[in-house]
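Here the structure comes first, spelled out in structure tokens, and everything after it is commentary.
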Number of protein chains: 2
Amino acid sequence: MEEDLESLKRKIKEKGDTVRALKAQKADKSFVDVEVAALLKLKNQLTCITGEDGSSKSKTKLTLKTPKGTRDYNEKEMAIREKVFSTIISVFKRHGGVTIDTPVFELKEILAGKYGEESKLIYDLEDQGGEKCSLRYDLTVPFARFLAMNGTQYQNIKRYQIAKDFDVAGSYDPMVPDSEVIKIMCECLTELEIGTFIIKINHRKILDGIFEVCGVPEEKIRPISSAVDKLDKTPWEDVRKEMTEEKGLDPIVADHIGEYVKFKGGKELLERLFQDQKLLANANAKAGLNEMILLFQYLEVFGVLDKISFDLSLARGLDYYTGIIYEAVTELSGPPTLEDGTKVKRKTKKGTDEFDETTVGVGSIAAGGRYDNLVGMFANSKKGNIPCVGVSIGVERVFSILLQKYQLEQVKSNEVEVYVIAVADGLLEDRMKICAELWNAGIKAEFMYKIKPKLQPQFSVCDRDQIPFAVIIGKDELNCGQVKIKDMRSKEQGGGAGTSVKRSDMIAELKNRLGKL
Amino acid sequence: MEEDLESLKRKIKEKGDTVRALKAQKADKSFVDVEVAALLKLKNQLTCITGEDGSSKSKTKLTLKTPKGTRDYNEKEMAIREKVFSTIISVFKRHGGVTIDTPVFELKEILAGKYGEESKLIYDLEDQGGEKCSLRYDLTVPFARFLAMNGTQYQNIKRYQIAKDFDVAGSYDPMVPDSEVIKIMCECLTELEIGTFIIKINHRKILDGIFEVCGVPEEKIRPISSAVDKLDKTPWEDVRKEMTEEKGLDPIVADHIGEYVKFKGGKELLERLFQDQKLLANANAKAGLNEMILLFQYLEVFGVLDKISFDLSLARGLDYYTGIIYEAVTELSGPPTLEDGTKVKRKTKKGTDEFDETTVGVGSIAAGGRYDNLVGMFANSKKGNIPCVGVSIGVERVFSILLQKYQLEQVKSNEVEVYVIAVADGLLEDRMKICAELWNAGIKAEFMYKIKPKLQPQFSVCDRDQIPFAVIIGKDELNCGQVKIKDMRSKEQGGGAGTSVKRSDMIAELKNRLGKL
């Protein structure tokens, strides 16, 4: 044994030398890879041996955590999340959505240049056999890639993906799908029961028109738009500073923009902008304003105008939007307000660049817009382009709002309907047999994984897991072909002993009772 | 404009020089990162400008594909997949499963050393801010990490994850949860309607006992086990060659193993092994055989013994199993049989190392086993260990079996119940208003996104999407407060014009008809 260990250690040293030598010679990557794989295998063998005999155990301490920016969800949290997902999916299906799926990572070049300043948040994979890949950053760019690849079959599609993204692709009469997508947002947010919300709406063309009218040079329009996008979280002075100092905008131009972006309101704001002759003379602004008029008309038909705020400060960070843009916020979206009425300023956690979450609101809870050129960026010809409009529900943010609303301990995370209990003697195989009958009849059932469990712990499981009914068995009763069914929701355990039924009537009796729940 | 372009190109060159210089000086990564980000931003700006003015358009041709080893699923395929997922989840819930979720990537060190020879299939992420991460390879290791992190709350849990992995964690009486997990496998595979299947069962301790009795040196047990695992796809001669030539096993020992691993059968094989005094004298083999006896007893109670084949050649590739192991196969699992009865040998595609899929079967369609030490590998103390047993359903393989069964074109991928149609005049806003009524009543409805659609294309949508009912509106009828409801499943379009109902009765009438579907 010790000899094997020594020989293994020697082999590891030799293999390590080989790898280092190859790397020093800048040998072909495939050669190095083969040797590295062999080295890792030897090292694993070593861990197995030293782990098994225990003598030379030098287990390096693992850090038990999830990667930065990720987290686990436990079963109570997941019960809430699944309710969120099923609510959203039922709205999407109600509007004729079909679902597709795309891989969790894409070729790097597919994602490159689609997100503007947010690109730096993309995770790259290490090169594995000649392909550079990145984790997907949203579902929109992969959907556009899917459409470009399958364009001939998908001149139009309403698709949703992973219970959060809904998009309508295709050429239609203006603002018709756009207004339905906003109606879908309203239905989702209403049915998710997250409190009152407002949908801020703007139009990229109106915004671009304003920038042009104010005198922003063309190549600065997207960077300046990114700066405006921060207005929901950052005071105007800071945004102005970003425009002038970081992005080199003329301060007079910045102040001119500042006057426009403070406007928000409803139809009356739209009418006011139609009075602005300088704006109307701009082709972009005019086109945007005309579409906005139509949108308001359709949203009125759909009965959701009361949820809408036309907000000229809404810009959306992503580069790919070309038309209508929108973002839903709730009272919980902004940073918390202090007792004296001032807003808390966002702070970073000491020594890190992560925001201290107690000083931020959850931000927007759903957002989207029209992106008419993204599919075309992938397609070979102009004909390959497909205009799209969509919305993404911020399920993480919705979830954190709902977490505050529910008492996590009281959330039922399993769906068990019947617990099979033995009063004495264990009767393991009888409990198993009854459970198998229940399962085969489609009833959700469990039993305790013990040969001879005590009675009280079995009752406690029913309590803990909020299981409504118990089937209780004893030797004598089984011999007479009887079982007891007990309603566990009445707290008189031990007192009311349940109803005796014939074993052959058990399933029917339980189905009857479960049907009434 | 041209000046801006030139100045931008100059800036890119300068920034590129800075990056190269920093890299040459081996400057701190964070400095390089900042400059690289700035460079990328400039390059994106360039793409925007050259893209917009079109003159200097030098769009590099994108390869439109998904990364190697990944694929998209279209809406018809997803309809089948969702049926697969919902079937499996309903079985998991029936057995009291709760669901948790873990991130798609984990710290690299969490996954390292858990998968044996399969480790080379793990994707690593590029270092992003000091953490080395890898995409998860299965759901078992992340689950074990989750348990080790939250051990005090989870001394026992039945959990499922993403509709395919079910595990029971906790210390229980032997073989009780193991037999339920196998019962769950049977229910899933039966309800998925993929044809007849067999569950091959073996026990790691029996296998290790056999290896010990045959004279395999301890450090070679896992590698030899990996070789045996290939017996379902590879002839014995090739496996023997791997054992002796690649892994340096004495040929006499290999032949001795060869005699054992050809055994398969039911209870009678178990009885035969109990006669093997040499095997019974081995502690591992004896412990495994005793557990196997108990397992057969419980599987008989659960009524699934007819699905079971005790198979001594089953080894399972992954290192972490410690007890019972199992694998379900169907007729479609093996390589296709030629007309003369011989099996097709697996071939690789020309010039690649990918298998030609026409020469392979789908392999096992569900598999799992007991892994009693994996949580302990993450835990700080022996007390932190939690024994587990689980199963993973091979949803990809189940899906490809079902794909062969269904005619993809005839799969209904949307759930729309009612299509709202105008006979003339377009009536867009009226169609919108009626749809809003239907949606608000929970009815799945659509209308055509055109101001003035023709009648025939609207009927065609109902046909194409298999929509059962249409609400048909005309100006005169609307004025009288009436709409028509037409059953679209009867093919007499234009003929039977539908039933006129009062607008105020429309919802009730539709709900009544939909209830009868």
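Can you confirm whether residue A:293 is under 27 Å from the mean Cα position of the chain (by Cα) and aliphatic (A, V, I, L, M)?
Values: under 27 Å from the mean Cα position of the chain (by Cα): no; aliphatic (A, V, I, L, M): yes.
So residue A:293 does not fit the description; no.
May I ask you to verify whether residue B:264 is surrounded by fewer than 18 Cβ atoms within 10 Å (Cβ to Cβ), in contact (Cβ under 8 Å) with a residue 60 or more places away in the chain and over 19 Å from residue B:212 (Cβ atoms)? Here the answer is yes, as residue B:264 does meet what is asked.
One residue stands out in segment B:76-107 among those that are part of a loop (DSSP other than H, G, I, E, B) and surrounded by fewer than 20 Cβ atoms within 10 Å (Cβ to Cβ): the one that is modelled with the lowest pLDDT, namely B:104. The C-beta contact set for segment B:267-290 (first residue part of a loop (DSSP other than H, G, I, E, B), second residue at pLDDT 95 or above, distance under 7 angstrom, 6+ apart or interchain) comprises B:282/B:209; B:282/B:212; B:282/B:213. Only one of A:218, A:242, A:259, A:246 is without any contact (Cβ under 8 Å) to a residue 40 or more places away in the chain, within 33 Å of the chain's Cα centre (by Cα) and surrounded by fewer than 17 Cβ atoms within 10 Å (Cβ to Cβ); which? Matching residue, one of A:218, A:242, A:259, A:246: A:246. For segment B:111-142, a residue qualifies if it is in contact with a Ser or Thr (Cβ under 8 Å, 6 or more places away or on another chain), surrounded by 20 or more Cβ atoms within 10 Å (Cβ to Cβ) and closer than 30 Å to residue A:449 by Cα, and the qualifying residues are B:139, B:140, B:142. Would segment A:404-418 turn up any residue that is at pLDDT below 95 and among the hydrophobic types (A, V, I, L, M, F, W, C)? Within segment A:404-418, one or more residues are at pLDDT below 95 and among the hydrophobic types (A, V, I, L, M, F, W, C). Residue B:117 meets the stated requirement of being part of a helix (DSSP H, G or I), charged (D, E, K, R) and either under 30 Å from residue A:124 (Cα atoms) or at the interface with chain A (Cβ under 8 Å from one of its Cβ atoms) (or both).
Any residue that is in contact (Cβ under 8 Å) with a residue 60 or more places away in the chain and either over 30 Å from residue A:97 (Cα atoms) or within 12 Å of chain B (Cβ to nearest Cβ) (or both) - is there at least one of those in segment A:444-465? Checked against the condition, which is being in contact (Cβ under 8 Å) with a residue 60 or more places away in the chain and either over 30 Å from residue A:97 (Cα atoms) or within 12 Å of chain B (Cβ to nearest Cβ) (or both), segment A:444-465 yields no hits at all. If you go through segment B:78-109 and keep only what is facing chain A (nearest Cβ under 7 Å), in contact with a Lys or Arg (Cβ under 8 Å, 6 or more places away or on another chain) and of a type in the set (A, V, I, L, M, F, W, C), you end up with B:98, B:100, B:104, B:105, B:107. In summary, strands (runs of 3 or more DSSP E) completely within segment B:440-504 and bearing 2 or more residues that are within 30 Å of residue A:190 (Cα to Cα), in the same structural domain as residue B:424 (by TED's automatic domain parsing) and not β-branched (Val, Ile, Thr) occur at B:445-447, B:469-473. Out of all the residues in segment B:127-143, is one or more within 30 Å of residue A:441 (Cβ to Cβ), in contact (Cβ under 8 Å) with a residue 40 or more places away in the chain and at the interface with chain A (Cβ under 8 Å from one of its Cβ atoms)? No, the conditions are met nowhere in segment B:127-143.
Hey, which of the strands (runs of 3 or more DSSP E) in segment B:151-214, taking only ones fully inside, have at least 3 residues that are in contact with a Cys (Cβ under 9 Å, 6 or more places away or on another chain), buried (at least 21 other Cβ atoms within 10 Å of the Cβ) and within 14 Å of chain A (Cβ to nearest Cβ)?
B:165-169
Scanning segment A:66-77 for residues that are touching a Leu at 6+ places or on another chain (Cβ under 9 Å) and at the interface with another protein chain (Cβ under 7 Å from one of its Cβ atoms) returns A:66, A:67, A:74.
The values are calculated or read from the model by the stated rules, or taken from the named source; none is laboratory data. This is a predicted model, so every value here is computed, not measured. Please note: Cβ atoms are built from the backbone with ideal geometry, for glycine as well, and neighbour counts cover all protein chains shown.
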